[in-house]
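The structure under discussion appears below in the form of structure tokens.
Values in this text are rule-based calculations from the coordinates and carry no lab data. From a predicted model like this one, the values you see are computed outputs, not experimental measurements. Virtual Cβ from ideal backbone geometry, glycine too; neighbours counted across all protein chains shown.
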Amino acid sequence: MKKILVVEDDNILSKAIVVSLTEAGFRVVVAKDGETALKKVKVSKPDLVLLDLIMPKMSGEEFLETMRKLPPLRNIPVIISTVKYDDASITRCTALGIQGYLIKAHYSLSEIIEKIRSVLDGAAQKTEKRSIKSATSKNKKRR
Amino acid sequence: MKKLINSPKALLLVNPYLFGSFFIVALLSTAFLFTFAFTGAVSGLHYITTIIPVYNRVFHLTDDFIYYDETLTMSALAGAYSGDPLWEERYNSFDHELTADIHEIQAYMDDQTDRDLLQHLVDANDALVVMERQSFELTHAGNLVEAQAIFKSAGYLGGKVAYRDGANDLIASMRKKQDILFRSGERVALGILTALLILLPIVCSFWVLVSLLIRKQRHRIEQMNSRLKESEVRLLQAQRTARLGNWEWDIVHGHDYWCVVTYEILGLDPQKTAASYDEFLKTVALSDKRAVVQALDRARKNRQPYDIDFRIIHANGEELVVNAKATVLYDERGEAVKMVGTIQDITERKKLESRLRESEQKYLTLVQRSNDGIIVVQNNIIKFFNTAMLKMLDYRRSEVIGMPFYNFVSAEQRDMAVKTHAARMKGESAKERYNLQIVSKSGTLTPVEINASIIDFEGAPATLAIVRDISKFIELDRLKSEFVATASHQLRTPLTAIKWFIELILKQKNGLKPKLRSYLLQIYSSNERLISTVNDLLTASHIQTGRKFIITKHPELLGTVLKSAISDTIGLAREHAVKIKCIHKNSSKKVVSVDREKIIEAIRNILDNAIKYSKKGSTITLNCSEADGSVIISIKDHGIGIPENQQGHIFEQFFRADNVATQQPGTGLGLYIAKQIIEGHGGRVWFASKVGIGTTFYISLPIT
């Protein structure tokens, strides 16, 4: 059973994700801010982190940067799930190494799970920018 | 004659020297002629009145000598033969008459010869008289025979012959004299006549010439006079029109002269008012009197020019503004003796000037008080600017005027600004409204909006630019965009919550009542639309701020890009029962350098519109072609079309055409975003549309 660390400061959204992931058969660990997330990622060593960017205490980008510097955590796949959509943060996160950049409102829960699964399936493979690109193109999907 | 007068030669004659010499010759010859004629007349008269009667008398007297000789002889003879004493009485009376005659003729004798001749005659007579008296004495004595014998004596007869000869000699001498006199008189008369005959035509012709010249001269003078009169009238008219009068003031004698117009300006009647300095001063407005007097004094004493504007009170009570100018004439001692000047009514001009000044002031105020900078540029040189402009630049006035305008434009935009100005000056189409950054003295950049137009400035074309500081607008715009961005972020979280929880509900295995399920789907669909709107707002605000709108190009296959865009819109197409047909052709295999996500968004936005406004069951056709190093994507629909009067606006933010605003939901941002993205790639987007038939959008993108 794969372990997912959900970093999300919004309780309601976090609840929906947790419910959905649990139903899909994942073990879920939740953190409400970057600092907590950093502690939990060290302790629970998740298979994947679903990371929000706008958070109190430590932002998602800072968390990602710190995590990528820590050798044991460096290779944990990270999928960004955020409402923040601008070229600057996409560029920054991509540079730090991410497996997906999802705009929350544009993706349904099932699509997020599908994305997580596909990333975990290909976890053995190296981080590939191409996949990120194709994933992010979906960010604009509407209706 | 007329011809002669009008000929150049005749004109030469009118030369005063020539005329003078002709006149003198004519005068002299006339004088000569008259003297001649007078002399002739006098001598003629003398001849008639003196010489002829004298000679007549002389001849008469000499004739008498013959007669008296006979009479005396006869009387003496008769006495001797008759012895009648009566004959002696008669003889005495005849002898007495003869003696009187001799005395008379002696008076006419101017010549010794004649006198001698006369003496001979008198002597002969005396001898005869002695013998005749002897005969009378003999008769008295009664000795008649002896008395008669005397007459027969040789002495008497000899005396008689001597007397006759003497008388004849005298007569002959007289005749001779008369002849000579008469002959010389004839010659003189002939000479005078000839001279008169020769002189007269000469004198006449000279006088004709002189009179012709005089006539010519008189004609000229008349012409000159009439011209003078005409020009005087004209001058008066001109002076009246210009309201310009002239005047003279004889300072020494106090004799003033004002022309008619001067009188008219002062409102005085020449018949009632004599021109004088005092009368003039009376008309000057009280407040200006001092200045006028001082100016006159200064002109007279200090030789300063007299040129002054002042007010006068016209006789009708009206206040007029006049200008007076004068020249002062000085005598050899340097004393002012005379002032010659003009006076002009400049009331109208003053009024116009003041109106012009007011209006100029008004416009100057408008320009100077304007909060926008106003600047005039000619051949790149700043010719004029207002206060606001100077304030924006923060330079000193002298550092701006006459300087090239591009000195004050940010380095990156300098070329563009110069080219735009040059194009406008050449009459080519140039941007009228554009944004620039101007550089102040301290180096601060101020964003401004330029609104330029072409004007005529000092006789040459120039650019008039209204320069508006838009830093506040830009700041406001930035704040607005940031607000929109923040708001959109804030909105996304609850929208996501709604989306996800509906999803969770819909996934409930226990199943939902179909009605409830359909309601939830309605909520989901509305939420999706809201998410889409927020998304558009955010993209638009990113485009505006430019900060979060970065185009990162990567090579992509055109076909793949198009497929992605189409697949994103399949749901919407299904909803509207519209088919999308894609004619790939070879161009779809072209590689284009694009920001994949953004270009897909642009194409999708155009496709969305095509779908939304298409007729049900119609087909949208995507086509690709290649031209001039670009690929052209066309998206053709059979929709409602864009009204012609709104075609110019459809790429504007929040613009929605009249015929769609009420039919379909939308933000009016889709095409704006598409255009910004395409242009950000160096491409172009345009369209052709007909209401009721459909619209075709074209996107051109450069091929890598």
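Worth pointing out:
- Distant-in-sequence amide H partners of A:Ile4 (H built 1.01 Å from N, under 5 Å): A:Arg27, A:Val28, A:Val29, A:Asp47
- For the protein assembly as shown, with +1 on Lys and Arg beta carbons and -1 on Asp and Glu, the positive-most of B:Val578, B:Ser43, B:Thr30 along the dipole: B:Val578
- Of the residues B:Phe408, B:Phe384, B:Phe483, the one with the fewest other Cβ atoms within 10 Å heads the list, and the complete ranking is B:Phe483, B:Phe384, B:Phe408.
- Where only C-alpha atoms are counted, convex hull volume of segment B:370-469 per residue in Å³: 84 Å³
- Relative contact order, whole percent, for chain B stands at 6, derived from Cα pairs under 8 Å and 6 or more residues apart.
- The overall shape of segment B:520-629 is oblate: from the C-alpha gyration tensor, with semi-axes ordered a ≥ b ≥ c, the ratio a/c is 1.5 or greater and a/b is no larger than b/c.
- Efficiency of FRET between B:Gln664 and B:Ile474 - r from beta-carbon atoms, R0 35 angstrom, step 0.05: 0.60
- Fluctuation leader among A:Ala37, A:Ala88, A:Ala24 - chain A, Gaussian network, Cα springs under 10 angstrom: A:Ala88
- Extension gain, B:Ala154 to B:Glu186: 0.36 nm times the residue separation minus the Cα-Cα distance gives 6.8 nm.
- When the alpha carbon gyration tensor of segment B:243-353 is reduced to an equivalent ellipsoid, the three semi-axes, largest first, read 23, 16, 12 Å.
- What the pair-distance distribution of the protein assembly as shown shows, using all Cα-Cα distances binned every 20 Å from zero, is 10, 19, 15, 9, 11, 10, 6, 5, 5, 5, 3, 1, 0 percent.
- The aspartates and glutamates within cross-link reach of B:Lys553, meaning a Cα-to-Cα straight distance under 14 Å and a gap of 8 or more places when in the same chain, are A:Asp87, B:Asp595, B:Glu597, B:Glu679.
- Nearest-0.05 FRET efficiency for B:Arg369 and B:Gln437, computed from C-beta distance (R0 25 Å): 0.50
- Scattering curve values for chain B, log₁₀ I(q)/I(0), Debye with Cα scatterers, q = 0.06, 0.12 Å⁻¹: -0.79, -1.31
- Remark: the B:Asn316-B:Ala423 segment gains 32.4 nm on full extension, using 0.36 nm per residue and subtracting the alpha carbon distance.
- Coupling constants for segment B:439-449 follow from the phi torsions by the Karplus curve (6.51 cos²θ - 1.76 cosθ + 1.60, θ = phi - 60°), and in residue order they are 10, 8, 4, 6, x, 6, 8, 10, x, 9, 9 Hz; glycine and proline get x.
- Computed from backbone phi, the HN-Hα couplings of segment B:522-528 come to 4, 4, 4, 4, 4, 4, 4 Hz, rounded to whole numbers (Karplus: 6.51 cos²θ - 1.76 cosθ + 1.60, θ = phi - 60°; Gly and Pro given as x).
- Across the cross-link table entries B:Lys615/B:Lys690; A:Lys104/B:Lys616; B:Lys589/B:Lys612; A:Lys104/B:Lys509; B:Lys499/B:Lys563; A:Lys57/A:Lys84, which are compared at the Cα atoms, the separations over 22 Å belong to A:Lys104/B:Lys616; B:Lys589/B:Lys612; A:Lys104/B:Lys509; B:Lys499/B:Lys563.
- As a proxy for reagent exposure, A:Cys93, B:Cys204, B:Cys582 were ordered by neighbouring Cβ count within 10 angstrom, fewest first; the result is B:Cys204, B:Cys582, A:Cys93.
- Maximal additional length on extending the B:Thr552-B:Lys289 stretch stands at 86.0 nm, based on 0.36 nm per residue less the C-alpha distance.
- All distinct Cα pairs of chain A go into the 1/r average, and the inverse of that average, the Kirkwood radius, is 14.8 Å.
- Residues in segment B:490-500 carry Karplus couplings, in order, of 5, 6, 4, 4, x, 5, 5, 4, 4, 4, 5 Hz; the curve used is 6.51 cos²θ - 1.76 cosθ + 1.60 with θ = phi - 60°, and Gly or Pro positions show x.
- Charge-dipole axis of segment B:474-542 as Lys and Arg at +1 and Asp and Glu at -1 on Cβ define it, positive-most pick from B:Ile498, B:Leu538, B:Gly511: B:Gly511
- Beta bridge orientation in chain B: antiparallel %, DSSP, nearest 5: 95 percent
- Checking every one of the GluC sites (Glu not before Pro) in segment B:586-672 against DSSP loop status and a limit of 14 other Cβ atoms within 10 Å picks out B:Glu652.
- With R₀ fixed at 22 Å, the C-beta to C-beta distance from B:Gln647 to B:Ile703 puts the FRET efficiency at about 0.20.
- Label-point separation, B:Glu146 to B:Leu356 (7 Å along Cα→Cβ), nm: 14.8 nm
- Against chain B, whose longest principal axis comes from its Cα atoms, helix B:596-612 is set at around 80 degrees.
- Distance in nm between pseudo-label sites at B:Glu279 and B:Asp250 (7 Å out along the Cβ direction from Cα): 1.5 nm
- Fewest-first sequence of B:Ile198, B:Ile502, B:Ile375 by Cβ atoms within 10 Å of each Cβ: B:Ile198, B:Ile502, B:Ile375
- Rough spin-label spacing in nm, given labels placed 7 Å along Cα→Cβ, for B:Asp126 and B:Lys690: 17.3 nm
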